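Structure, as C-alpha cells:
What follows draws every value from the coordinates through simple rules; no lab data is involved. Being a predicted model, the structure only gives us computed values, none of them experimental.
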Amino acid sequence: MDMLRTGTGFVQSAEILESQDLLAVRMNASLKIIDPQFYANAEKVHDRMNQENAGARMIGGMDPLVLEGREYLVNSRAPIHIDKQDTPLGWVGIVALGYFTGGFIYLASLGLRVRMQPGDCIWLRGRVLTHGVEEWEGTLRISIPHFTHASVWRKYGMADEAGLKPSEPSTPKPKPGTYKPKGSTYKCKAGIKKCT
C-alpha cells in the first residue's frame, strides 16, 4: 500500500468534507423543517452507525450531515429515473452550483418542471417520484444530491421507520456451470455462462 498517496488522498477528502460544513448544517436544518419525524429517525440511524462503525465514526467527526450519502456530479445530466436504493419515506436534497442556465428538474411522475439554477435546492422523495435533469448550457454545473439508502436503515434496525417492507432472504445465484442446489429457483447448466 502506498501510504503517502493514500494519506494524501485522505487529507484531500477530509478537506473537502470540512469545506462542506455550512452546506451540511443547512441541509440538516431544512430537512428537519420539512419532515421532523424523518429527521429524528435519520439522526437515530446516524448515531447507531457511528456507534457500530469505526469508519462512519471517523467521517462523522468531520461531517455533520445526518444523511450518509452525498455525491458531487460535475457537468453531468441525470436521465429520468427513480432512486431505487433510497427509502420510500426518505428524502434526497439536491443543491445546484456553477455557471449555467437551464437544467430544470423534471418530475415526470407529476408532469412538473422545477427551476434548478445555481444556488437552488430541492427536496424530493427520490424513490417515489420519477425525476431527471433537463438540458442545460454553461461552463460548469455541479449537482450535489444528499441522500440515504434503504440498506443502511435495514442494517441499523430502522426499516419500519423508513417505510421499508421486511427484506426476504435471497438465494445467491450460482456461478455458471455449477450444480443447481435442491430447491433453487435458478437454472444453470454446465458450459452456459448465464444463469436464468
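What to note about this one:
- Put the Cα centre of region 60-77 next to the Cα centre of region 104-146 and the gap is 16 Å.
- Take every Cα pair under 8 Å whose residues are at least 6 apart in sequence, average their separation, divide by the length of region 3-162, and the relative contact order is 27 percent.
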